[in-house]
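The next block holds one structure in the form of structure tokens; read it before the comments.
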Amino acid sequence: MTNRKIQYWVIPPTEDAEFVAHMEQVLDPYAQPPNPQYPVVCMDEQPVQLQREVRIPIPATAPHPKRVDYEDERAGTASIFMFTEPLVGWREVRVRQRRTKADWATEIAYLLEGRYRDCEKVVLVCDQLNTHTKGAFYEVFEPERARQLVQRIEFCYTPKHGSWLNIAENELSSLTRQCVADERFGDIESLRQATAAWASDVNSTQRGVDWQMKIDDARCKLTSVYPKIKL
């Protein structure tokens, strides 16, 4: 029997005008110099399975690594929200029990009324999930507050099959590999502490993201994505 290997890949569409339009909308703010009044903020999210230890792990020693029993007990799920401002090298991780419209709107409001309270507008890069909508704010807040929040957001949606354009996805991948993948978290609070420590460490040691692809590069390297103009 032949052993055929499969590599999973994001296969871009061909001659897709909508993909191109959203892609260029995302690439444009990445190429601009940082503007404190119009920060570019990328966000992404992912679920996490909480796992409780059923036997106390044996601490690491000089000759042995930490030893953890194979058995664990499921303890529900949590959702990680990753926010990053790539042009200045900042990221923050928030952990909630779920990732509903209300959860998303609450986290965005936390940023707009906290770190970005003095900014005129935030350019928000995110994917096109049905929870990432203006209406989500009206399901959580009174109309006056919801309107104030919505007016300060410039939505910048990544195209379908183009999530690689969202820098928060890269940050979330790093967080998963470095902090979450090889650990068991039995409750949301322990996950919050670990991810907050990760963000604090990375913020203190890493500069901004050096994003290389610009619109001109996309038009040159991704020619198959651009529609062929029929004269």
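Restricting to segment 209-231, and then to whatever is closer than 17 Å to Pro86 by Cα and touching a residue at least 60 places away in the same chain (Cβ under 8 Å), can you tell me which residue is surrounded by the most Cβ atoms within 10 Å (Cβ to Cβ)? Lay out the reasoning, then the answer.
In the first step, residues of segment 209-231 are kept if they are closer than 17 Å to Pro86 by Cα; the result is 209-214.
Right, trim to touching a residue at least 60 places away in the same chain (Cβ under 8 Å) and you get 209, 211, 213-214.
Numbers: Val209: 18, Trp211: 14, Met213: 16, Lys214: 14.
That would be Val209.
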Out of the residues in segment 86-122 meeting the condition of being among the aromatic types (Phe, Trp, Tyr) and out of contact with any helix residue (DSSP H, G or I) (no Cβ under 9 Å at 6 or more places or on another chain), tell me which one is nearest to Glu139 (Cα to Cα).
Tyr110
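Kindly provide the set of residues from segment 188-231 that are in a helix (DSSP H, G or I) and of a type in the set (Val, Ile, Thr), ordered by number.
Correct list: Ile188, Thr195, Val202, Thr205, Ile215.
Does Gln25 count as out of contact with any Lys or Arg (no Cβ under 9 Å at 6 or more places or on another chain), at pLDDT below 95 and under 28 Å from Arg117 (Cα atoms)? Give the derivation first.
Values: out of contact with any Lys or Arg (no Cβ under 9 Å at 6 or more places or on another chain): yes; at pLDDT below 95: no; under 28 Å from Arg117 (Cα atoms): yes.
Criteria not met by Gln25.
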Could you please give the count of residues in segment 188-210 that are among the charged types (D, E, K, R) and farther than 19 Å from Gln97 by Cα?
3
Is segment 170-179 home to any residue that is of a type in the set (Val, Ile, Thr) and crowded, with 18+ Cβ neighbours inside 10 Å?
no
Matching residues, segment 51-79, being modelled with pLDDT under 70 and either part of a strand (DSSP E or B) or more than 15 Å from Ser190 (Cβ to Cβ) (or both)
Glu53, Val54, Arg55, Ile58, Arg67, Asp69, Tyr70, Glu71, Asp72, Ala75
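To keep it simple, each residue is scored yes or no on (1) among the charged types (D, E, K, R); (2) at pLDDT 90 or above; (3) over 15 Å from Ile80 (Cα atoms).
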site: Ala146; (1), (2), (3): no, yes, yes
site: Asn170; (1), (2), (3): no, yes, no
site: Gln178; (1), (2), (3): no, yes, no
site: Ser190; (1), (2), (3): no, yes, no
site: Arg207; (1), (2), (3): yes, no, yes
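Assess whether Cys156 counts as being surrounded by 14 or more Cβ atoms within 10 Å (Cβ to Cβ), in contact with a strand residue (DSSP E or B) (Cβ under 6 Å, 6 or more places away or on another chain) and closer than 24 Å to Pro86 by Cα.
Judged against the criteria, Cys156 is a match.
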Is there any pair with a first residue in segment 5-19 that is modelled with pLDDT under 90 and a second that is not in a loop (DSSP other than H, G, I, E, B) whose Cβ atoms are under 6 Å apart and which are 6 or more apart or on different chains, and what are they?
Val10/Trp164; Pro13/Phe19
Collect the residues in segment 213-231 that are at pLDDT below 90 and either in contact with a Gly (Cβ under 6 Å, 6 or more places away or on another chain) or not basic (Lys, Arg) (or both), keeping them in residue-number order.
Ile229, Leu231
Glu139, sole failed condition from (1) farther than 19 Å from Arg99 by Cα; (2) of a type in the set (D, E, K, R); (3) at pLDDT 95 or above:
(1)
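Test Thr106 against the criterion of being at pLDDT 95 or above, hydroxyl-bearing (Ser, Thr, Tyr) and not in a loop (DSSP other than H, G, I, E, B), and give yes or no.
On the way: at pLDDT 95 or above: yes; hydroxyl-bearing (Ser, Thr, Tyr): yes; not in a loop (DSSP other than H, G, I, E, B): yes.
It is true that Thr106 is at pLDDT 95 or above, hydroxyl-bearing (Ser, Thr, Tyr) and not in a loop (DSSP other than H, G, I, E, B).
Of all residues in segment 145-182, which are more than 18 Å from Val202 (Cα to Cα), assigned to a helix (DSSP H, G or I) and more than 15 Å from the chain's Cα centre (by Cα)? Steps first, please.
Restricting attention to segment 145-182, the residues satisfying the condition of being more than 18 Å from Val202 (Cα to Cα) are 145-166, 182.
Adding the requirement that they be assigned to a helix (DSSP H, G or I) leaves 145-151, 163-165.
Of everything in segment 145-182, those that are more than 18 Å from Val202 (Cα to Cα), assigned to a helix (DSSP H, G or I) and more than 15 Å from the chain's Cα centre (by Cα) turn out to be Arg145, Ala146, Arg147, Gln148, Leu149, Val150, Gln151.
Looking at Phe141, is it surrounded by 16 or more Cβ atoms within 10 Å (Cβ to Cβ) and not in a loop (DSSP other than H, G, I, E, B)? Before you say what the answer is, go through the steps one by one.
On the way: surrounded by 16 or more Cβ atoms within 10 Å (Cβ to Cβ): yes; not in a loop (DSSP other than H, G, I, E, B): no.
When the stated conditions are applied, Phe141 does not pass them.
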Can you tell me which residue within segment 77-93, out of those that are free of Cβ contacts under 8 Å to residues at least 40 places away in the same chain and out of contact with any Leu (no Cβ under 7 Å at 6 or more places or on another chain), is nearest to Ser173 (Cα to Cα)?
Phe81
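The values are calculated or read from the model by the stated rules, or taken from the named source; none is laboratory data. These figures come from a predicted structure and were not determined experimentally. For neighbour counting, all protein chains shown are included, and Cβ atoms are generated from backbone atoms with ideal geometry for every residue, glycine included.
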